[in-house]
Amino acid sequence: MVRFGVYSGDPLCAERRLRERLVALGPAHKHVVFGDEVTPAQLLLELQTPDLFEERKAVVVRRADPLRGERELGQILRTHLSPGVAVFFLGEDLRGPLAESAEEARHFPRPMGQELRELCETLLREAGLAAHPFVVGMLVEAAGGDTLRLAQEVEKFAVWKGGKLRRARLPELCFFAQPQPYEFLDAVGHGKSLEALAALGRLLRARWNPQVLFHFLVGHMRALLFALSAEAQGEKAKGPEWLVRRRLSQARRHGEARLIGALQLLQELEVQIKLGALAPEDALHLFILRWGEASPAPARPGRCAPEAAS
């Protein structure tokens with residue numbers, strides 16, 4: 001039984017491992033603290049404070065990244081953790097001294113490709129739903145690589161368990177609770193800056209995480225470039241036929257050079273985000289404005305379309 005665990009990386013995978021360890025621990029009072037709000041001394045005091053009803057106690061430390069370098073804290077927890085007490089740390093990247101002292105430490109890479117599909121199939125089976133390839137592909141596409149959103153979409157489908165819906169209606173269940181990112185991505189892909197800014201504003205007002213939207217945007221621009229590359233090699237890009245056609249239409253408008261330039265710009269903006277010099281929301285606005293400045297104008301009847309700017 002693990003009583004000192006450190007889990008980071010993909011948030012859903014980390015949460016699933018935490019849930020497994022809490023189940024294995026048995027009945028216990030769960031108490032949550034936040035690593036960016038508590039000092040090592042305060043955390044140790046919390047761990048030493050007995051439970052009011054003398055139950056087992058499980059302390060979950062979220063946003064624990066500021067504590068990952070605390071080697072002394074890790075050694076104390078490894079050797080002096082009171083019986084009946086467990087502590088689990090969760091964060092973005094906790095690799096380091098704290099993790100090295102833990103009974104169990106795992107950093108979960110973000111699932112991609114086949115791993116993401118397998119995760120979706122697992123979530124569907126756990127929800128008592130059939131993992132049809134069509135449904136798996138649709139959910140993976142709707143989640144845009146965000147595993148927490150994937151789990152939320154599976155939960156929506158579970159509400160309909162036992163009911164009957166035509167296959168054509170299944171996509172209506174995805175993202176029905178809030179504005180969808182597809183309008184935003186389409187507007188960017190077509191080089192329509194004003195429409196993209198308006199769609200982005202609606203998403204942000206609906207409390208979409210701008211960091212997630214930034215990653216969606218990076219993924220969309222990569223998908224456009226991959227679609228164009230596959231076509232040049234006489235191959236078919238991966239994905240549903242309707243989605244491949246949509247991506248090719250946008251990719252041809254801009255050409256390989258502009259798409260590569262877009263990804264370079266996104267990479268520069270991402271570095272600024274990681275350095276704390278730029279907020280994700282500001283990075284989105286900056287990209288749209290710079291991308292729109294050089295967007296090729298649509299062709300007019302009777303005239304040749306201008307060449308894509310490099």
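Every number in this text was worked out from the coordinates using simple rules, so none of it is lab data. Please read all numbers here as calculations on a predicted model, not as lab measurements. Here the Cβ is made from the backbone with ideal geometry for all residues, glycine too, and neighbour counts use every protein chain on show.
Structure values in brief
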item	result
In Å, descending, principal axis extents of the Cα set of the stretch 29-88	32, 22, 15
Kirkwood-Stokes translational diffusion coefficient of the stretch 44-146, alpha-carbon pairs, 10 °C, 1.306 mPa s, µm²/s	96 µm²/s
3J(HN,Hα) from dihedral phi, the stretch 61-66, Karplus parametrisation 6.51/-1.76/1.60, rounded to Hz, x for glycine, proline	9, 8, 6, 8, 3, x
Sorted by Cβ neighbour density within 10 Å, fewest at the top, the residues ASP282, ASP65	ASP282, ASP65
For ARG63, distant residues with modelled amide H under 5 Å away	GLY35, LEU90
Note, ³J(HN,Hα) from phi for the stretch 35-42, Karplus 6.51, -1.76, 1.60, rounded to Hz, x at Gly and Pro	x, 8, 10, 10, 8, x, 5, 5
